[in-house]
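Worksheet for the structure shown next.
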Amino acid sequence: MQDVPGLVAQAREGRPRAVARLISLVEGASPQLREVMAALAPLAGNAYVVGLTGSPGVGKSTSTSALVSAYRRAGKRVAVLAVDPSSPFSGGALLGDRVRMSEHASDPGVYIRSMATRGHLGGLAWAAPQAIRVLDAAGCDVIIVETVGVGQSEVEIASQADTSVVLLAPGMGDGIQAAKAGILEIGDVYVVNKADRDGADATARELNHMLGLGESRGPGDWRPPIVKTVAARGEGTDEVVEALEKHRAWMEEHGVLAERRAARAAHEVETIAVTTLRRRIGDLHGDRRLGALAERIVAGALDPYTAADELVAGITSGPSDSSRCSGPSDPATD
């Protein structure tokens, strides 16, 4: 068993090993996860969470590294949660992002953590929300969440970040491709990276056109800016940070930031509750109640929906086993 209060105190002091152990407790769905979350709750809520998403090859890791450099120049403590594809052999992250960000490895003001998706869809790892809370409570000013890069369905980051940044690059698809990509519906800031390549201006124009199609923004609403960068050379990064800060100021002025964070917390609670119910239902396999309901369905005396209502009512009215609802379960072990 880990000394959770001690780990939390050390994490607040900026000790990377303590932060790593807390995130490991989260990833492993430890029995101490409840204790960890309870200890972190009053300490979190100050970090600015930036989500970075886009198709593979647009330069997400390079852009993340450039943003880290820009925020460090401003004196901010920065954390990077880089979600990598799971290895089909070990189940772990491939760590490609940490290789590309090696220049920040020795900086005590930067914490980089790779996290495996473990089969979770949507571009994020299942434990990402709790890991973000750990980094927030550890005193990080900015948390950059870089998604795995799965393409058109990678939209989950919008529910986990304060500001979502969508990266594109010349040659990654025409206007029709851009129009059907789900990630183009979630961005607060759009970045056309590799702007030194042919077609960058055309990509920016097409993107601007696509964002304008069906647009129903009123006076004072946020209009996502389009910024061109060459992340490998650090060009345009300051303009991206400026766009991020403008969006943060707009959200604070209009109460959007508080709304997004409340929605994020509600989604997390819902996920934990649903997972708890799923576990309890899983425990009923072979149970006499489930078998009796199944027999009534086969006999035509009951329909599946009514049976499900009865089952849920029986589960929710029964005694709660708090030891089995510590948090979202790991899809790899369910």
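The values are calculated or read from the model by the stated rules, or taken from the named source; none is laboratory data. Given the structure is predicted, the values throughout are model-derived calculations rather than measurements. Note that each Cβ is placed from the backbone with ideal geometry, even for glycine, and that neighbours are counted across all protein chains shown. SASA here: full protein model, heavy atoms, side chains in, ligands and nucleic acids out. Shrake-Rupley method; radii C 1.70, N 1.55, O 1.52, S 1.80 Å.
Give the range 212-257 a look and list any residue that's open to solvent by 70 Å² or more (accessible area, probe 1.4 Å) and either among the aromatic types (Phe, Trp, Tyr) or under 16 Å from Gln160 (Cβ atoms) (or both), or say none.
Listed by number, the list is empty, since nothing qualifies.
Based on what the data block shows, is Ala18 open to solvent by less than 30 Å² (accessible area, probe 1.4 Å), touching a Cys at 6+ places or on another chain (Cβ under 6 Å) and modelled with pLDDT of 90 or more?
no
Working carefully through the options Val68, Val8, Val49, find the one that is touching a helix residue (DSSP H, G or I) at 6+ places or on another chain (Cβ under 9 Å), of a type in the set (Val, Ile, Thr) and either open to solvent by 20 Å² or more (accessible area, probe 1.4 Å) or over 30 Å from Val227 (Cα atoms) (or both).
Exactly one of Val68, Val8, Val49 is touching a helix residue (DSSP H, G or I) at 6+ places or on another chain (Cβ under 9 Å), of a type in the set (Val, Ile, Thr) and either open to solvent by 20 Å² or more (accessible area, probe 1.4 Å) or over 30 Å from Val227 (Cα atoms) (or both), namely Val8.
Filter the range 119-175 down to residues that are in contact with a helix residue (DSSP H, G or I) (Cβ under 7 Å, 6 or more places away or on another chain), at pLDDT below 90, within 28 Å of Ala41 (Cβ to Cβ) and small (Gly, Ala, Ser), then give me how many there are.
Within the range 119-175, residues that are in contact with a helix residue (DSSP H, G or I) (Cβ under 7 Å, 6 or more places away or on another chain), at pLDDT below 90, within 28 Å of Ala41 (Cβ to Cβ) and small (Gly, Ala, Ser) number 4.
Go through Asp188, Asp201, Asp196 for me and flag whichever is under 16 Å from Val166 (Cβ atoms) and without any contact (Cβ under 8 Å) to a residue 60 or more places away in the chain.
Every option except Asp188 fails the conditions.
Scan the range 52-63 for residues that are buried (at least 18 other Cβ atoms within 10 Å of the Cβ) and over 15 Å from the mean Cα position of the chain (by Cα) and report the count.
Summing the residues that are buried (at least 18 other Cβ atoms within 10 Å of the Cβ) and over 15 Å from the mean Cα position of the chain (by Cα) in the range 52-63 gives 6.
Which residue pairs have Cβ atoms closer than 8 Å, lie 6 or more positions apart in sequence or on different chains, and pair a first residue in the range 267-281 that is over 15 Å from Gln130 (Cβ atoms) with a second residue that is among the β-branched types (Val, Ile, Thr) and part of a helix (DSSP H, G or I)?
Going by the 8 Å Cβ cut-off, the qualifying pairs are Leu277/Val312; Leu277/Ile315; Leu277/Thr316; Arg280/Ile315; Ile281/Ile315.
Going by what's in this entry, would Leu302 be described as in contact (Cβ under 8 Å) with a residue 40 or more places away in the chain and surrounded by 14 or more Cβ atoms within 10 Å (Cβ to Cβ)?
Judged against the criteria, Leu302 is not a match.
When you scan the range 218-248, how many residues do you find that are out of contact with any Phe, Trp or Tyr (no Cβ under 9 Å at 6 or more places or on another chain), of a type in the set (A, V, I, L, M) and under 16 Å from Ala200 (Cα atoms)?
Of the residues in the range 218-248, 3 are out of contact with any Phe, Trp or Tyr (no Cβ under 9 Å at 6 or more places or on another chain), of a type in the set (A, V, I, L, M) and under 16 Å from Ala200 (Cα atoms).
Could you list, in sequence order, the residues of the range 30-56 that are closer than 20 Å to Ala195 by Cα and in contact with a Gly (Cβ under 8 Å, 6 or more places away or on another chain)?
Result: Thr53, Gly54, Ser55, Pro56.
Could you list, in sequence order, all residues of the range 186-206 that are among the charged types (D, E, K, R) and open to solvent by 20 Å² or more (accessible area, probe 1.4 Å)?
Those that are among the charged types (D, E, K, R) and open to solvent by 20 Å² or more (accessible area, probe 1.4 Å): Lys194, Asp196, Arg197, Asp198, Asp201, Arg205, Glu206.
Looking at the range 274-293, is at least one residue modelled with pLDDT of 90 or more, loosely packed, with under 15 Cβ neighbours inside 10 Å and among the acidic types (Asp, Glu)?
no
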